[in-house]
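The structure under discussion appears below in the form of structure tokens.
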Amino acid sequence: MEGLPLKTDQAAMQWSLDEWNDRLSRPGRDLLELQALTENNFLFIGDQLRDFHLRSGKIAAAAAEVQRVLAGEAAVEGVRHMQALIERMSSFLDDIHQSSLKNASTLRSICTALASLDTPLQAFQRITRTLQIIGITTRIERSEYSDERSDGTVLSEGLRHLASMISGNMQEIIDQVASLRTLSETALRNESALNTSQSARARGAINNARTVFSEQVGNRQQALQRSDDLAHTSVEISRCIAEVVSSVQFHDITHQQIEHVNHTLGSFCDEMARGQRGGGSVDLSTLECVVAEGCRLQAEQLEHSRSELCDAVRRIIGSLHDLADAVLAMVEDARALAGSTRTDGSTFFAAVEPAIIAVAAILKENLATAARSAQAVHEVIAASVNMVHLVDEIERFGAEMKVLALNASIESVHVRDGGSALGVIADSIQELAHEALLQTDALSHGLKDITTCAESLADIGRGDMALEGEKVNNLQADSDFMLQNLRGANREVCTLLEKMDADSGSLAGDIVETAEMVHVHDEAEKILNRAAAVLFDVAGNFSTSSDDWNQVRHIPVFQQMQRRYSMQSERKIHRRVLGDVSVEDVAAPAKSKADSAFGANVELF
Amino acid sequence: MLLAETDLPQSRILVADDSLVARRMVRFALQGLHCKIVEVEDGLAAWEQVRSDDVSLLITDLYMPKMDGIELIRKLRSTDDGIDMPIILLTNATCEEQEREARQAGVSLFIRKPFQPEQLAELVRQVLC
């Protein structure tokens with residue numbers, strides 16, 4: 001303890017009472033000014049904190065809602081349903097593709113069978129022409145032989161009639177074959193379109209959709225990770241708010257310390273006054289020295305309070321800045337969770353919609369083509385059915401040809417008696433009949449092949465196109481429903497994110513503005529420094545020894561000064577400044593096991 | 001939510017502290033409990049409030065004008081209404097002597113400032129539930 005060793009006369013004080021009052025009242029006034037200043041500032045911080053807490057809570061709730069929409073069970077279920085829908089669509093398209101392949105194969109067989117009819121048809125045309133010629137020739141030859149036993153005109157008429165019939169039927173057959181050929185080729189083109197290019201596009205769309213959904217699953221994993229980020233950010237916001245609350249309480253802590261200083265300074269003035277009136281038990285010069293040293297102690301207490309208060313305010317400012325950062329980070333985390341950027345404003349969901357739409361479009365297109373090909377196949381089947389009766393007609397030709405050939409043989413026997421020309425005719429007819437039979441067989445087989453293929457087309461068939469159409473409508477309806485949900489979820493998330501952007505920007509701005517408005521620590525520092533300087537100055541004018549303190553220990557004002565201490569920090573400073581001899585040793589609170597669950601600052605009784 | 005929420009609408013908490021800043025912080029910490037909070041500035045007002053209204057929990061400071069926290073607790077414990085009332089002493093004080101005094105007076109729980117808001121809310125929730 002250093003000072004000017006100017007001990008005066010025992011009865012005289014170095015300073016007058018007025019001077020003491022003046023010196024000691026100045027810090028008192030400063031400290032009163034400080035109380036008002038700090039209370040207003042801390043109340044302002046408290047009010048702002050309440051507002052920040054409310055608004056950040058709303059942003060956190062929006063983030064939780066984004067999380068729920070994107071990563072919650074409903075979202076998972078939605079993706080699963082969409083995956084199932086894609087597989088249903090894939091299965092439907094596969095069925096179309098498979099039946100199309102079978103149809104194409106059968107139609108090719110029909111086309112091959114149709115091609116095989118060309119030769120017999122051409123042959124029958126020749127046969128027809130030959131029959132006509134033979135018919136004419138037969139009439140001429142028979143006119144030279146008048147024989148009441150034979151009816152030469154029957155044969156020639158029979159020949160002409162058969163030729164005419166065959167010709168007519170062949171034309172019908174030729175027309176029907178041509179028509180069937182056209183229908184078959186058209187149907188084959190439809191099936192080729194279905195099972196080549198359209199099928200490839202369908203495959204591509206389905207695979208793309210599968211890829212998109214795999215990415216959705218991957219996104220969900222990422223979303224779950226981002227959920228952890230969100231949780232951490234939420235914890236950080238809580239931490240910042242808690243730190244501000246905790247630091248604001250240092251207003252009360254330091255307020256109490258400062259009040260103790262104020263009371264002590266006041267009691268020093270009272271003691272000086274009593275001493276001067278002659279009421280004290282210690283000489284005034286000793287009292288002055290001790291009071292001066294007491295002022296040094298109070299100055300140290302004020303410096304400690306200044307540090308605690310200013311550090312608390314700096315922590316408040318720091319925590320407010322951290323809070324602003326955390327609020328902005330929360331929105332960034334929510335955006336990352338949604339896979340959204342500010343440029344496109346969309347979310348993960350947006351990638352799903354085009355995939356589903358593409359598959360649905362392919363489905364419709366395939367159905368339309370399938371309907372056309374089904375129509376074409378039906379026409380082929382119908383045309384093939386029409387040909388069935390032709391087989392019977394053709395077989396009848398063969399039978400008639402046989403009869404004519406027999407008649408011709410009989411005629412030729414009759415005629416041979418008179419000439420050989422009819423014999424040649426009869427031979428020709430026999431040959432024609434034989435060829436006709438061969439060609440009849442060929443036509444019959446060919447037509448039977450065609451009708452067999454047509455039957456298998458009917459078997460393969462796509463069933464009732466109305467049912468197929470209903471399937472597609474159901475798929476379309478499911479797809480539309482899911483897309484509607486998807487769009488709704490996307491819209492909801494985008495709206496939430498936009499609002500979060502706006503709210504967080506505004507909140508962060510307000511928080512930073514508040515933090516920048518907080519200067520109470522600067523002002524408090526000036527005031528407390530000023531007050532402490534006055535007290536240090538007082539102390540600097542006197543010197544004290546441990547004897548002085550021993551003399552005054554019994555004086556109530558000094559006992560009260562120590563009893564006034566409610567905090568270990570005050571006692572520590574007392575011991576440091578005045579030494580161990582003076583302070584009553586008051587034990588710090590013992591830590592009990594029971595409070596560990598709630599914190600070291602809690603005692604349960 | 002950033003501070004955990006619990007509904008305790010039937011509970012009435014009395015907060016006695018001469019510091020408006022302190023009362024605000026206690027109210028802030030307990031807002032998630034959705035209970036009624038009444039504030040008074042001194043021990044005497046707290047005493048009158050308890051006698052006139054049904055109070056579920058008293059949170060009091062130690063050093064207050066007119067009647068300090070210890071005297072308030074002693075008086076309450078001597079009444080029928082106050083004998084079983086949960087009482088939390090929320091204080092800046094940090095010494096065993098004050099804790100002993102508080103314990104002898106009948107306090108339920110002693111919290112030294114600064115407290116964390118979740119900490120106070122959880123303690124109050126446990127006391128009231």
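What the table shows:
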item	result
Only listed residue being exposed (fewer than 15 other Cβ atoms within 10 Å of the Cβ) and within 14 Å of chain B (Cβ to nearest Cβ), chosen from A:L49, A:L43, A:L54	A:L54
Subset of region B:33-50 [under 12 Å from the mean Cα position of the chain (by Cα) and small (G, A, S)]	B:G43, B:A46
Positions within region B:20-39 being buried (at least 22 other Cβ atoms within 10 Å of the Cβ) and either outside any helix (DSSP H, G or I) or away from chain A (no Cβ under 13 Å) (or both), in sequence order	B:L33
Failed item, numbered, when A:S566 is tested on (1) within 14 Å of another protein chain (Cβ to nearest Cβ); (2) open to solvent by 10 Å² or more (accessible area, probe 1.4 Å); (3) farther than 14 Å from A:L302 by Cα	(2)
Considering residues of region A:531-547 that are surrounded by fewer than 20 Cβ atoms within 10 Å (Cβ to Cβ) and modelled with pLDDT under 90 only, the residue nearest to the other protein chains (Cβ to nearest Cβ)	A:S546
Qualifying residue in region B:74-85 (condition: in contact (Cβ under 8 Å) with a residue 40 or more places away in the chain and either more than 14 Å from every other protein chain (Cβ to nearest Cβ) or crowded, with 18+ Cβ neighbours inside 10 Å (or both))	no
Residue satisfying all of: in region A:278-310; in contact with a Phe, Trp or Tyr (Cβ under 8 Å, 6 or more places away or on another chain) and closer than 12 Å to A:A524 by Cβ; least open to solvent (accessible area, probe 1.4 Å) among these	A:L309
Test for B:L14: is it open to solvent by less than 20 Å² (accessible area, probe 1.4 Å) and part of a loop (DSSP other than H, G, I, E, B)	no
Members of region B:90-119 found to be of a type in the set (A, V, I, L, M, F, W, C) and facing chain A (nearest Cβ under 9 Å), listed by number	B:A93, B:C95, B:A102, B:V107, B:L109, B:F110, B:I111, B:F115
Lone qualifier among B:D54, B:D7 - being away from every other protein chain (no Cβ under 11 Å), touching a strand residue (DSSP E or B) at 6+ places or on another chain (Cβ under 9 Å) and open to solvent by 20 Å² or more (accessible area, probe 1.4 Å)	B:D54
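Rundown of residues vs (1) among the hydroxyl-bearing types (S, T, Y); (2) part of a loop (DSSP other than H, G, I, E, B); (3) touching a His at 6+ places or on another chain (Cβ under 9 Å), yes/no style:
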{"site": "A:S164", "(1), (2), (3)": "yes, no, no"}
{"site": "A:T196", "(1), (2), (3)": "yes, no, no"}
{"site": "A:D228", "(1), (2), (3)": "no, no, no"}
{"site": "A:Q257", "(1), (2), (3)": "no, no, yes"}
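One line per residue, one yes/no per condition, for (1) closer than 30 Å to A:P27 by Cα; (2) outside any helix (DSSP H, G or I); (3) open to solvent by less than 20 Å² (accessible area, probe 1.4 Å); (4) among the hydrophobic types (A, V, I, L, M, F, W, C):
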{"site": "A:N219", "(1), (2), (3), (4)": "no, no, no, no"}
{"site": "A:Q225", "(1), (2), (3), (4)": "no, no, no, no"}
{"site": "A:A231", "(1), (2), (3), (4)": "no, no, no, yes"}
{"site": "A:S247", "(1), (2), (3), (4)": "yes, no, yes, no"}
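The values are calculated or read from the model by the stated rules, or taken from the named source; none is laboratory data. The structure presented is a predicted model; accordingly, all values stated were derived computationally and were not measured. Heads up, the Cβs are rebuilt from the backbone with ideal geometry, glycines too, and the neighbour counts pull from every protein chain shown. Heads up: the accessible areas ignore ligands, DNA and RNA and are worked out on the full protein's heavy atoms, side chains in. Shrake-Rupley method; radii C 1.70, N 1.55, O 1.52, S 1.80 Å.
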